[in-house]
Amino acid sequence: MRLAALPRFPLCQLPTPLQRAERLEAALGPGSPRIYLKRDDLTGLAFGGNKGRKLEYLVADALANGATTLITEGAAQSNHARMTAAAAVVAGLRCVLALDTRNGADLAGNLLLDRLFGADTRLVAGKGERRAAMAQIGDELRAAGEIPYLIPTGGSVPLGAAAYVAATLELARQLNDAGVVPRRLYVATGSQGTQSGLVVGQRALSQPYEVYGVAVEYPRDDLVASCVDLANGTADLLDLDARFDAGDVTIDDRFVGEAYGKPTPGGLEAIRLLARTEAVVLDPVYSGKAMAALIAHVRAGVFSPDDSVAFLHTGGGPSIFPFGETLLAG
Ligand SMILES: Cc1ncc(COP(=O)(O)O)c(C=O)c1O
């Protein structure tokens, strides 16, 4: 595997902890499996999250290509945009963000942090307008003599996904040291870079668990197709002799609710439960919905008390702040 040969710009504090959530297990009752949290909310860069790992590879590539400015896109409360803005600061680059305001644009949480990190934030109305905005920003910067490096949504290209093959190596060591054999690894899945890297890592390292993606948007078929493409692209990048198809990808879209970015009752309950049992902060857009799936499955008796399950906490904490009262109601 070519993983170790890929240049990496250090941004994260690794390894992130793997913690057993015994108070959460107790709150879920005697039928609960052992639950392990892989704390990628603690990757260390600017409030942490899964994007830090991907950005280590993407920023290294940007620097190798002589880039002066990072450009990326996302929703106004994008964690990826916030971490890209922070990574640019650390790498001495400028940052321009194309952000859509379909779920509002309160100057709080991630949008506030983007501006605090000095990013140039360009707001567009809908997701569909982001791609054109990115291209236009690229042209504008090139005309001004800058060298832009475009990072697609979520950093979800094979080079970004490779970070979650490396994360699997880290997790596999921790599970092995702790003697833990989880049945599933739950993860919130959006642009698929994280899940595809985990799927490749699971196969390459013969891990015992099923990577269980919990969708945060529709339609599921598109998510599965892009996860398969990214997994194959990542395997190629790493010179791995592995092929993936839809049968290798588990994505559950029953916890999305109305749409991307819209909180669900289950997600809000999960946020409160983790806060009050483990003092762990989930978010309403991603990790809360993934934890809602795990909790629903425990309550439905999918696991026995002898089972172990793992949950990749992908971060997202800063996006709770615009939700205020909604989070506490219930
Ligand atoms: C907190 C959080 N969790 C999960 C994800 C999903 O990761 P991916 O886009 O790689 O599917 C994101 C993406 O923005 C995120 O911010």
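Bear in mind these aren't lab numbers, they're just calculated from the coordinates by the rules spelled out. The model shown is predicted, which means the values in this text are computed figures rather than measured ones. Because the Cβ atoms are built from the backbone with ideal geometry, glycine has one as well, and the counts that use them run over all protein chains shown.
Here are the numbers for the structure shown:
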{"read-out": "Val280 long-range amide H proximity, modeled H, under 5 Å", "value": "Ala275"}
{"read-out": "Descending semi-axes in whole angstrom, ellipsoid equivalent of the range 177-330, from the Cα gyration tensor", "value": "27, 19, 13"}
{"read-out": "Computed FRET value (nearest 0.05) for Leu123 with Arg23, which takes r as the C-beta separation and R₀ as 35 Å", "value": "0.30"}
{"read-out": "Rg over Rh [alpha-carbon atoms, Kirkwood Rh] for the range 169-238", "value": "1.00"}
{"read-out": "Overall form of the range 51-154 per C-alpha gyration tensor (a/c, 1.5; a/b vs b/c)", "value": "oblate"}
{"read-out": "Charge context of Val124, other residues only, Cβ under 13 angstrom, K/R +1, D/E -1", "value": "+2"}
{"read-out": "In sequence order, calculated HN-Hα J values of the range 82-91 (Karplus, 6.51, -1.76, 1.60; Hz; x Gly/Pro)", "value": "4, 6, 5, 4, 5, 4, 4, 4, 5, 8"}
{"read-out": "Euclidean distance of C-alpha centroids, the range 122-201 and the range 283-309, integer Å", "value": "24"}
{"read-out": "The chain: proportion of alpha-carbon pairs further apart than 39 angstrom, %", "value": "9"}
{"read-out": "10 Å Cβ shell holding at most 14 others, DSSP loop, trypsin sites (Lys or Arg not before Pro): longest site-free stretch of the chain", "value": "3-242"}
{"read-out": "Other-chain or far-sequence residues with amide H under 5 Å of Thr189's (modelled H)", "value": "Val214, Ala215, Val216"}
{"read-out": "Residues with amide H under 5 Å from that of Ala75, placed H, sequence gap 5 or more", "value": "Asp100"}
{"read-out": "3J(HN,Hα) from dihedral phi, the range 144-151, Karplus parametrisation 6.51/-1.76/1.60, rounded to Hz, x for glycine, proline", "value": "8, x, 7, 10, x, 10, 8, 10"}
{"read-out": "For the range 39-98 versus the range 4-36, the gap between their alpha-carbon centres in whole angstrom", "value": "22"}
{"read-out": "Mean separation of Cα contacts under 8 Å (6+ apart) over length of the range 30-85, as relative contact order %", "value": "29"}
{"read-out": "Kirkwood hydrodynamic radius of the range 14-94, from inverse mean 1/r over distinct Cα pairs, in Å", "value": "14.6"}
{"read-out": "FRET efficiency for Ala143 and Asp229, using Cβ-Cβ distance with R0 set to 30 Å, rounded to 0.05", "value": "0.40"}
{"read-out": "Relative contact order of the range 51-154, defined on C-alpha pairs under 8 angstrom at six or more residues apart (%)", "value": "36"}
{"read-out": "Check: the range 11-56 dipole with +1 on Lys, Arg Cβ and -1 on Asp, Glu Cβ, in debye", "value": "80"}
{"read-out": "Mean Cα-pair separation over length for the chain, i.e. relative contact order, pairs under 8 Å, 6 or more apart, %", "value": "22"}
{"read-out": "Residues listed by number, the range 1-34, amide nitrogen under 20 Å from Ser206 label point at 7 Å toward C-beta", "value": "1-3"}
{"read-out": "Inter-site label distance for Thr326 and Thr264 at 7 Å from Cα along Cβ, in nm", "value": "1.5"}
{"read-out": "Cubic angstrom per residue, convex hull over Cα atoms of the range 102-165", "value": "127"}
